[in-house]
Amino acid sequence: MRKCVKCNKKAQVYLHAHRLSLCGEHYIEWFENRVERTIKEFRMFTKKNKILVAVSGGKDSLSLWHALTKLGYQADGFYINLGIGEYSQKSLQKAKSFAEKYHLTLHTLDLSTEIASIPELTSYDNRPACSVCGSVKRYYMNKFAREKGYTVLATGHNLDDESAVLFANTLSWNVEYLKRQYPVLPEDDGFVRKVKPLCKISEKESALYAVLSGIDYIEEECPFSEGATSIDHKIYLSQLEEKSPGTKLRFYSEFLRKMYPLLKESSKGNLQKCEVCGEPSNNSICNVCRLKLKLISQKEKI
Ligand code: AMP
Ligand code: ZN
Ligand code: ZN
């Protein structure tokens, strides 16, 4: 029987990547310490910052919101209703119940009234659904945070997400993306600071934290993510992790430590303001305005 390294009670959790056995109580403590250490390591924010946590109703973002609140940070939630049928209704419910249970502020934004639902938008765009959805979410998260006076936007991206993106960008040596793959993106003209405090926590670790903390989260994956290549990349990395625990963490952390500083040196921004809406953009017309224009021209055809 494995015992908790802290209190010698029966261990409930064994973390392969860290070779660590912990009871439930000490696992929760370990997780929160790890989040706190990551925040400090990358100088993400302090207790003085007003943080907006983007919550999807899933285990990562709700665990993040829970841990930040317990650690004494000022964190409000922000949920974007993507209009993906039952999946969106259920996830909104999870985010709302969490906020009510802990007396926290949750802001919501309805994509259908801002632009159009994800099912509608993706039907007019031939890019993969996840990339359309990702760019629309990033746009509204940033706009909302800035307009409401939040200085930091935190997302629940975990080690599995970050290492899978790193893997994909490395396979194609996508240097422009690699240059921006850092858990803190500093504030810039029109952009609030973006942070990923769970970047060194695996998906399994965040699910464990959610379960042991009694967080009720949506378990279903978004129906639109089915078949996404990022899922394949996560599977390959998990197979490597299975054979050699700690692989994902090493891959990601060593990139940040050894490669990122070299890439950053050569970094040159290409930021401008969208000619239509004035939000920051890499092109003269931002992604969301291009989607809006597409929607208008499609509707005119009908
Ligand atoms: P995903 O892009 O679904 O992998 O989610 C990554 C992160 O984006 C989550 O951990 C959340 O912080 C945030 N997020 C995803 N979906 C939503 C949503 N509907 N509303 C607000 N934040 C979201
Ligand atoms: Zn213990
Ligand atoms: Zn625009």
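Descriptive notes on the structure:
- Taking the longest Cα principal axis of the chain as reference, the axis of helix 59-70 is set at about 70 degrees.
- Within the same chain, lysines fewer than 8 places from Lys3 are excluded, and of the rest, none has a Cα less than 19 Å from its Cα.
- Accessible area per residue, Å², the range 158-302 with all protein chains present, probe 1.4 Å: 59 Å²
- For the range 105-122, 3J(HN,Hα) computed residue by residue from phi via the Karplus equation (6.51, -1.76, 1.60; θ = phi - 60°) reads 8, 10, 8, 10, 9, 9, 4, 4, 7, 7, 9, 5, 5, 4, x, 6, 4, 6 Hz, glycine and proline entered as x.
- Treating each Cα of the range 144-229 as an identical point scatterer and summing with the Debye formula, the log10 of I(q)/I(0) at q = 0.25 Å⁻¹ comes to -1.20.
- Radius 14 Å from Cβ of Lys299, net charge of other residues (Lys, Arg +1; Asp, Glu -1): +1
- FRET efficiency, 1/(1 + (r/R0)^6) with R0 35 Å, evaluated for Leu104 and Glu219 via beta carbons: 0.95
- Once backbone amide H atoms are built at 1.01 Å from N, Lys194 has Leu153, Leu185 as its partners under 5 Å, excluding neighbours fewer than 5 places away on the same chain.
- In sequence order, the range 174-188 has phi-based couplings of 7, 4, 4, 6, 4, 4, 9, 8, 9, x, 10, 10, x, 5, 8 Hz under the Karplus curve 6.51 cos²θ - 1.76 cosθ + 1.60, θ = phi - 60°, and Gly or Pro positions carry x.
- Base-10 log of normalised Debye intensity for the range 155-302 (one unit scatterer per alpha-carbon) at q = 0.13 Å⁻¹: -0.80
- Heavy atoms of Phe191 accessible to a 1.4 Å probe, total area in Å² rounded to 10: 60 Å²
- 5 angstrom amide H check on Thr108, placed H, neighbours 5+ away: Tyr79
- Across Lys40/Lys258; Lys10/Lys101; Lys9/Lys196; Lys6/Lys243; Lys70/Lys94, pairs whose alpha-carbon gap is larger than 23 Å: Lys10/Lys101; Lys9/Lys196; Lys6/Lys243
- Only beta bridges with both residues in the chain are counted; by DSSP, about 35 percent of them are antiparallel.
- Compactness of the chain was expressed as the Cα radius of gyration divided by 2.2 N^0.38 Å, which yields 1.02.
- Annotation: amide H-H contacts under 5 Å for Lys50 (H modelled 1.01 Å from N, sequence separation of 5 or more, or interchain): Thr151, Val152.
- Pairwise label distance in nanometres, Glu300 with Ser112, each label 7 Å out on the Cα-Cβ vector: 2.6 nm
- Relative contact order, percent, the range 42-267 [alpha-carbon distance under 8 Å, six or more residues apart]: 25 percent
- Taken one residue at a time, the phi angles of the range 242-247 give Karplus couplings (6.51, -1.76, 1.60, θ = phi - 60°) of 4, 6, 9, x, x, 4 Hz. Gly and Pro are set to x.
The values are calculated or read from the model by the stated rules, or taken from the named source; none is laboratory data. The structure presented is a predicted model; accordingly, all values stated were derived computationally and were not measured. All Cβ positions, even for glycine, are placed from backbone atoms using ideal geometry, and neighbour counts span all protein chains on display. Heavy atoms of the whole protein, side chains included, go into the accessibility calculation; ligands, DNA and RNA do not. Shrake-Rupley method; radii C 1.70, N 1.55, O 1.52, S 1.80 Å.
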